[in-house]
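Comments concern the structure below.
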Ligand code: TYD
Ligand code: MG
């Protein structure tokens, strides 16, 4: 009779809908109430690999813990390396998420090829495309380094065997939802499968100090398909966004155990793959029609990276007997409605019978309130059909009483404006910061003062 202490793993059950574990099988999940969703799941004995590594000996005073420098390797795709915090940490598991067709496979194939060219063997495993499809894409991207190995495989155990044999320097799995483990009876893409496959790849990455990328699909609702545990398990979560119709793709770090999470990478999709855009402000303002009403420029900050964006507004008379329309692309809808309400109440701008359309060109989404003033100025500019001077920008958060409030790191934003040739910027009254050469700063305390300054000339 097998001794319990010697058994390799114990059997558990996991709900394929909500991911809840249970020691026994039930017809109905006790957490989400769904029927027939529990599948068998083998849990290896002992704590997970990361916990084993972390539990080495007695507690140590926080101040005395030696902080080793994490060795990093650059992929060679500059924008990706920057978002990662200066390259890949050895043994790290990086999840890349994004809508279908946004460019995840393209980015990873480019990264794999350039990594292989400088560091040696890379194994790119696709569960979604055949070898020839991958090779066609590789040729198109000119990303076929001789050390880049392609594998069409979906079984996690087979991938682990290949990795142990080949010992690549980088592993890429496209996608985690296409993989399955033969120890489970459920279908690929289900919660139990995604979780089990990710756990195997996590152990492999840590045991072999092998940096690993996982592609993760997002659902129609925008959340990661599969259990939330995937986001907890990995070291880094990167998200790729952008408007599929505009060429720009943004890469953000949502979680990073080894670096900052507010770095931003900007790419442009071309017919030869993704090109990094080092001067993002120039690219985003390239098509701006300066001197037209309904447009102003805001210096935003994404992590440490200043980014000049144009905020466009179009205010037109609403159709009679219909509620006025509000359409917002690139900014937060709720925040935009709030600014429109403040404009109506505090600056006397009658918008209740007007349709208002707001857009940030380039497919960029900006979430910081520092763009409030620029939005307010663009709406006022379109409403009264008077343009803002082409060399003027605006920055500031708008409060509910119409006051212009401080924004973080104003100096960096002003420096970027000066670098791009702007001559004037409306700013909050406090705190006072020195203006860069050739840029005049105009402190404005509320919306009315801001409009007088913006539309006086
Ligand atoms: P892909 O990397 O397959 O997206 P994902 O893996 O996120 O689903 O990219 C898909 C789109 O990118 C596809 O519609 C075609 C376009 N594309 C280019 O425009 N240029 C290129 O060089 C490549 C490879 C793809
Ligand atoms: Mg893909």
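The values are calculated or read from the model by the stated rules, or taken from the named source; none is laboratory data. Keep in mind that what you see is a predicted model, and the values were worked out from it rather than measured. Counting neighbours? That spans all protein chains shown, and the Cβs are built from the backbone with ideal geometry, glycine included.
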Looking at region 134-148, can you tell me whether even one residue there is over 22 Å from residue 81 (Cα atoms), touching a residue at least 24 places away in the same chain (Cβ under 8 Å), in contact with a helix residue (DSSP H, G or I) (Cβ under 7 Å, 6 or more places away or on another chain) and more than 14 Å from ligand 2 (Cβ to nearest atom)? no
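What's the total number of residues in region 112-133 that are in contact (Cβ under 8 Å) with a residue 60 or more places away in the chain and either in contact with a helix residue (DSSP H, G or I) (Cβ under 6 Å, 6 or more places away or on another chain) or closer than 23 Å to residue 192 by Cα (or both)?
1
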Enumerate the strands (runs of 3 or more DSSP E) found wholly within region 251-362, keeping only those where 2 or more residues are modelled with pLDDT of 95 or more and surrounded by 19 or more Cβ atoms within 10 Å (Cβ to Cβ). 295-302, 305-317, 354-359
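Collect the residues in region 96-124 that are outside any helix (DSSP H, G or I), within 13 Å of ligand 1 (Cβ to nearest atom) and surrounded by 18 or more Cβ atoms within 10 Å (Cβ to Cβ), keeping them in residue-number order.
96, 97, 98, 102, 103, 124
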If you check 420, 409, 424, which single one turns out to be under 24 Å from residue 336 (Cβ atoms) and in the same structural domain as residue 298 (by TED's automatic domain parsing)? 409
Looking at region 83-95, can you tell me whether even one residue there is within 16 Å of ligand 2 (Cβ to nearest atom), within 20 Å of the chain's Cα centre (by Cα) and not in a loop (DSSP other than H, G, I, E, B)? yes
With criteria (1) part of a loop (DSSP other than H, G, I, E, B); (2) not assigned by TED's automatic domain parsing to the domain that holds residue 178, residue 245 comes up short on (2)
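Restricting region 363-406 to residues that are buried (at least 23 other Cβ atoms within 10 Å of the Cβ) and in a loop (DSSP other than H, G, I, E, B), which is farthest from the chain's Cα centre (by Cα)? Break it down into steps so the answer makes sense when it comes.
So the first thing to find is which residues in region 363-406 are buried (at least 23 other Cβ atoms within 10 Å of the Cβ), and the list is 364, 370-382, 388, 393-396, 398, 404.
The next check asks that each one be in a loop (DSSP other than H, G, I, E, B); those that pass are 364, 388, 395-396.
Numbers: 364: 11, 388: 32, 395: 24, 396: 24 Å.
In this case the residue turns out to be 388.
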Kindly provide the set of residues from region 258-274 that are over 15 Å from the mean Cα position of the chain (by Cα) and on the phi < 0 side of the Ramachandran plot, ordered by number. 258, 268, 269, 270, 271, 272, 274
How many residues of region 137-177 are closer than 17 Å to residue 215 by Cβ and out of contact with any strand residue (DSSP E or B) (no Cβ under 8 Å at 6 or more places or on another chain)? The answer is 1
Of the residues in region 430-457, those that are touching a helix residue (DSSP H, G or I) at 6+ places or on another chain (Cβ under 9 Å) and part of a loop (DSSP other than H, G, I, E, B) number 9
